[in-house]
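Okay, so here's the structure we're looking at.
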Amino acid sequence: MTLLSVVCPSLLIPQEWIDSILDNFNTQQSDLNRASQRTNTFELVIVSPEVSTGNTFVKNSKIKFIEDESKGIYQALNLGIENSVGSFVIVVNSDDMINIADCVALCKEFEEQNVDVIYGDTFLHDDTSENIIEIKGTQTSDTIRLARMPASHQAQLIRKSEYIKLQGFANTIALGPFKMKLKYASDFDFYSRSILLYSRWAYSPRLVANQKLGGTTSKHWLRTTIEILAISFKYDARRISNLSFLVKSLLGAMRFHVPRQIKRGRDAER
């Protein structure tokens, strides 16, 4: 049985990241427990346009390679999730680090419970760990109203059935769980729909993601913010009729993205 699918979209096959993830998992298993972990408790689903030409990766039962035509990040995510077989799914990038052993343990813990999403915290940092920002996971009735993510996607274990329920593959694969018409904030749209459908969320401090500063949404943070505000208007129109909402939303986006922009400037000067 596969408890967890780790979906990673990448333009290149992230061999170094794959090795690091697998090594990190193996070193955390005791000798007594390691034999049981040889079964496919988790899988890495790598979605990349390089699959057809790549021939250097080692065959491994925990790794599934999906060829992508490079039509955008959300199509790659939809393709990876569609081909995943885990009870839970987590979406990460090839420069994110998560503790697979802890994720698998949490999936086991919550598998029989009435929980759709297990979420935790995220640490944003640069290569030297000089700039660190902690994103505390939260799932409240104010999440959509304040136009903020309940937690970063790197720190969310979501049941595969949740993707199917939210306009999923059984209905129309053309749209999938992530809406293709949104360029940067389709994940916020997905989580907003999930919260509005009263999905059951559970917080765990054991779920910690480490994410590098930077990223596409930071580079285009204003466009991302506009999309997020538009989604908030759509799903929570009753609460956004005052100026304070817009100000709080913009300030929240600046708090999240400005440190990333500062890092970009420093890197460009080097």
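The values are calculated or read from the model by the stated rules, or taken from the named source; none is laboratory data. Keep in mind that what you see is a predicted model, and the values were worked out from it rather than measured. So basically every Cβ, Gly included, is an ideal-geometry build from the backbone, and we count neighbours across all protein chains shown. Each accessible area value is taken on the protein alone, full model and side chains, heavy atoms only, with ligands, DNA and RNA left out. Shrake-Rupley method; radii C 1.70, N 1.55, O 1.52, S 1.80 Å.
Ranked from largest to smallest solvent-accessible area, with a 1.4 Å probe on the protein heavy atoms, Ser87, Ser232 come out as Ser87, Ser232. The calculated FRET efficiency for the pair Asn26 and Glu109, based on their C-beta separation and a Förster distance of 30 Å, comes to about 0.90. Highest mean packing comes first when the peptides 94-105, 16-27 are listed by Cβ atoms within 10 Å, giving 94-105, 16-27. Scalar couplings 3J(HN,Hα) for the range 99-115, obtained by applying the Karplus form with A = 6.51, B = -1.76, C = 1.60 to θ = phi - 60°, are 8, 4, 4, 5, 4, 4, 4, 5, 4, 5, 5, 9, 4, 8, 8, 7, 10 Hz; x denotes Gly and Pro. Once both labels are positioned 7 Å from their Cα atoms along Cα-to-Cβ, the gap between Ser244 and Glu69 label points is 5.0 nm. Checking the Cα-Cα distances for Lys64/Lys108; Lys108/Lys165; Lys165/Lys234; Lys108/Lys160; Lys136/Lys212; Lys62/Lys165 against a 24 Å cut-off, the pairs over it are Lys62/Lys165. Remark: the range 74-124 carries 31 Å² of accessible area per residue (probe radius 1.4 Å; ligands, DNA and RNA excluded).
Distance between the modelled labels on Ile133 and Val51, one decimal in nanometres: 3.3 nm (7 Å Cα→Cβ projection).
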